[in-house]
Amino acid sequence: MTTSRVFSGIQPTGDPHIGNFLGAIQNYVRMQDGHDAVYCIVDLHAITVPKDPEELRANTLRLAQLLMASGLDPERCTLFVQSHVPEHAQLGWLMEGTVSFGELSRMTQFKEKGDRSEFVSAGLFTYPALQAADILLYDTNFVPVGDDQRQHLELSRDAAQRFNSRYGETFVVPEHVIPPVAARVMDLQRPDDKMSKSAAAENGLVMMLEDLKSIEKKFKRAVTDSDGEVRWDPENKAGVSNLLSILGAVTDQDPKNLAEQYTQYGALKVDTAEAVIAKLGPIQQRFAELQADPAETSRLLRLGAEKAREVATVVYERARTNIGFLQP
Ligand code: AMP
Ligand code: TRP
């Protein structure tokens, strides 16, 4: 039996928050076992919004260290930086010829980001074509992501199928893996909005590397509602349900069962804060240790890129041949 391949990507755009951790990173760690797992820090995607070069470099290294501190083990998975494997950009161009203007225009992430930005780059628009390339380049079977990536994954599947029907069997059609709990962690102050780096109020956002005391405060101040009943009901009780799903995701329990164990919001907030802190504390410690040796992180990333290229070059060659490029 051949092991299935897992691939996912994460942008080096500042430190991740607990939504990134629970919706994505925690599952990257779990899926290292039993799969051939490939994880990519997508710096090519990050530059679709202009970035300060020194900041991008620093953020890329920090994210690699934070992913390793969270449990990604370079011995058990392939962890690398997208720009170190040139086939991503190359296959990205082939994908731009595969997905349509209409499809890209319907992407909600583009619409949201585009509306918010003064300068809307062409890359921000074609971003999902590059994402499809990332995934298809590794004959990927499963893609662990948070709920907000559903639409991009659907487009990647359509791109694979369209390319295969135009040029013959080339790509594996991937499936997304969205966690049953905490696939969409909400803002602690505005529980109707997704937790995101562009949060309106700082108190709504909990970063993975945040001071643990500050995390505790934010959970204690989390917005709930006035009816006083702890119940799992994401539609009508967004704040309480968000706390239940965070606690559930961190402790590996069903939020509906957890709801039955609480009668008071206060106790739920305290326990959720404690569970998050118990999870993040050791990660923060390992992160600090890894930060002491940036050269070692860079070395591991170079090895990761070499491993990734062993697959990427083969799949790119297949695509190149099938599309009709003349052999150099
Ligand atoms: P990004 O930082 O945009 O590259 O996102 C990295 C991963 O985190 C993606 O798989 C997203 O789907 C996931 N993610 C981002 N925000 C959230 C959130 N609020 N809840 C759950 N998952 C999220
Ligand atoms: N678009 C993803 C995000 O914003 C990041 C990403 C890029 C990705 N390439 C990918 C995710 C490939 C999964 C697979 O979170």
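The values are calculated or read from the model by the stated rules, or taken from the named source; none is laboratory data. Here the structure is a predicted model, which is why all the values come from computation and not from measurement. Here the Cβ is made from the backbone with ideal geometry for all residues, glycine too, and neighbour counts use every protein chain on show. Surface accessibility is based on the protein's heavy atoms, side chains included, excluding ligands, DNA and RNA. Shrake-Rupley method; radii C 1.70, N 1.55, O 1.52, S 1.80 Å.
Below is a table of values for the structure above.
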quantity: Set Lys213/Lys279; Lys51/Lys197; Lys237/Lys279; Lys113/Lys279; Lys113/Lys269; Lys197/Lys218 screened for pairs whose C-alpha atoms are more than 20 Å apart; calculated: Lys237/Lys279; Lys113/Lys279; Lys113/Lys269
quantity: DSSP-defined antiparallel bridges as percent of all bridges, the chain, nearest 5; calculated: 10 percent
quantity: Global geometry of region 1-49, whether rounded, prolate or oblate, following the gyration tensor of its Cα atoms and the 1.5 cut on a/c; calculated: oblate
quantity: Computed lengthening from Ser83 to Glu54, 0.36 nm per intervening residue step minus Cα-Cα distance; calculated: 8.9 nm
quantity: Glu289 accessible area, assembled protein chains, probe 1.4 Å, Å²; calculated: 120 Å²
quantity: Ellipticity estimate at 222 nm from DSSP helix runs (n ≥ 4, -39,500 (n - 2.57)) divided over the chain, nearest 500; calculated: -16500 deg cm²/dmol
quantity: Taking the chain and dividing mean pair separation by its residue count, relative contact order in percent (alpha carbons under 8 Å, at least six apart); calculated: 21 percent
quantity: Karplus-derived 3J(HN,Hα), 6.51/-1.76/1.60, for each residue of region 214-229, Hz, glycine and proline x; calculated: 5, 4, 4, 4, 5, 5, 5, 9, 4, 6, 10, 7, 9, 8, x, 9
quantity: Cα-based shape type of region 1-158, given that a ≥ b ≥ c are square roots of the gyration tensor eigenvalues and the cut on a/c is 1.5; calculated: oblate
quantity: Three-way shape call for region 217-279 based on the alpha-carbon gyration tensor, with the a/c threshold at 1.5; calculated: oblate
quantity: Radius of gyration and maximum dimension Dmax of the chain, Cα, Å; calculated: 20.4, 70
quantity: Heavy-atom accessible surface of the chain: percent carbon and sulfur, 1.4 Å; calculated: 51 percent
quantity: Ordering of 306-317, 224-235 by burial proxy (mean other Cβ atoms within 10 Å per residue, highest first); calculated: 306-317, 224-235
quantity: Point-to-point label distance, Lys220-Gln261, nm (Cα→Cβ direction, 7 Å offset); calculated: 2.2 nm
quantity: Sequence of Lys213, Lys194 from largest to smallest accessible area, 1.4 Å probe; calculated: Lys213, Lys194
quantity: Heavy-atom surface of the chain, accessible at 1.4 Å and reported per residue (Å²); calculated: 47 Å²
